[in-house]
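Single-structure report; data block below.
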Amino acid sequence: LPEGLVKDIFEDGFTKFNHDALSNFSYQLENKNIVFKYSMEQKSLEDDIDGYSFCLPKDSYQLCEIGTALHNCVASYGEGVQKKECTIVYVQKDGQYKICIEIRGKEIVQERIDRNASPGEEEKLVLKKWHERHALRSVK
C-alpha cells in the first residue's frame with residue numbers, strides 16, 4: 001500500500017475516503033488499465049447542458065473511479081467498452097460524478113445516479129435534452 005494511504009488509515013480510521021482509496025488501489029492491482037479509443041460518433045456524445053458535462057471515460061481506471069464515486073459496478077464494463085459492445089457516458093456537475101449512462105448503438109440501456117438509483121427530476125430534464133440533441137432513445 002502507498003505509505004500515505006497507510007498513514008491516513010492509521011490516523012483517520014476506515015473512513016469513506018480511505019475505503020474508496022483502498023478500493024481503487026485494489027482494482028488497479030488486479031486489473032490492467034485499458035485505454036479506450038472512441039469513434040467520432042461516440043465522441044459526439046460529449047456535451048455540456050445546463051451545467052452538466054457529458055463525458056467519455058478515458059480508460060478502465062477512470063471507470064473504477066466513477067464506480068467508486070457512484071457506488072455501482074461500472075468498473076466491470078471496461079472490456080465491453082473496449083470491444084465496442086457498449087458506450088459508457090458519465091455526467092458531472094460542479095466537478096462531481098452525478099450520472100452514469102450505458103448506451104448500445106443509439107439506445108440507452110440504463111441511466112443511474114448514486115447507488116444505482118434513478119435520476120431525479122432535475123437530472124431527468126437535462127437527460128431529456130441530451131437524448132433529443134443526440135437522437136438517443138430509451139429501451140424501457
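The values are calculated or read from the model by the stated rules, or taken from the named source; none is laboratory data. If you're wondering where the values come from, they're calculated on a predicted model, not measured in any experiment. Here the Cβ positions follow ideal geometry from the backbone for every residue, glycine too, while neighbour counts run over all protein chains shown. Note: areas computed on protein heavy atoms with side chains; ligands, DNA, RNA excluded. Shrake-Rupley method; radii C 1.70, N 1.55, O 1.52, S 1.80 Å.
Find the relative contact order for the range 1-76 and round it to a whole percent, using C-alpha pairs within less than 8 Å whose residues are 6+ positions apart.
On the way: 53 pairs, mean separation 19.4, N = 76.
Relative contact order, the range 1-76: 25 percent.
Here the range 86-133 and the range 1-53 have alpha carbon centers that stand 18 Å from each other.
Angle of helix 3-12 to the longest C-alpha principal axis of the chain, folded into 0 to 90 degrees and rounded to 10: 80°. Amide H to amide H, with H built 1.01 Å from N, residue 109 comes under 5 Å of 102, 103, 104, counting only residues 5 or more places away or on other chains. Given a 1.4 Å probe and the protein chains as shown, residue 138 ends up with an accessible area of around 60 Å². Figure note: 112, 137 ranked by solvent-accessible area, largest first, 1.4 Å probe, ligands and nucleic acids not counted: 137, 112. Under 19 Å between alpha carbons, and skipping anything fewer than 8 positions from residue 84 in its own chain: which aspartates and glutamates qualify? The qualifying aspartates and glutamates are 41, 46, 59, 102, 107, 111. Solvent-accessible surface (1.4 Å probe) assigned to residue 132 amounts to roughly 120 Å². Charged neighbours of residue 31, selected by a Cβ distance under 14 Å, balance to -3 (K, R count +1; D, E count -1). In the context of the full set of protein chains, residues of the chain present 59 Å² of accessible surface per residue (probe radius 1.4 Å, heavy atoms only). Only Cα pairs under 8 Å and 6+ residues apart enter the sum, and on that basis the relative contact order of the chain stands at 18 percent. Using only Cα atoms, find the angle between the long axis of helix 121-133 and the longest principal axis of the chain, and express it within 0 to 90 degrees, rounded to the nearest 10. Long axis of 121-133 versus the principal axis of the chain: about 50 degrees. Determine the shape class of the range 73-140: with a ≥ b ≥ c the square roots of the Cα gyration tensor eigenvalues, call it rounded for a/c under 1.5, and otherwise prolate if a/b is greater than b/c, oblate otherwise. Cα axes put the range 73-140 in the oblate bin. If you fit an axis through the alpha-carbon atoms of helix 60-70 and take the longest principal axis of the Cα set of the chain, what angle between them do you get, 0 to 90°, nearest 10? That works out to roughly 90 degrees.
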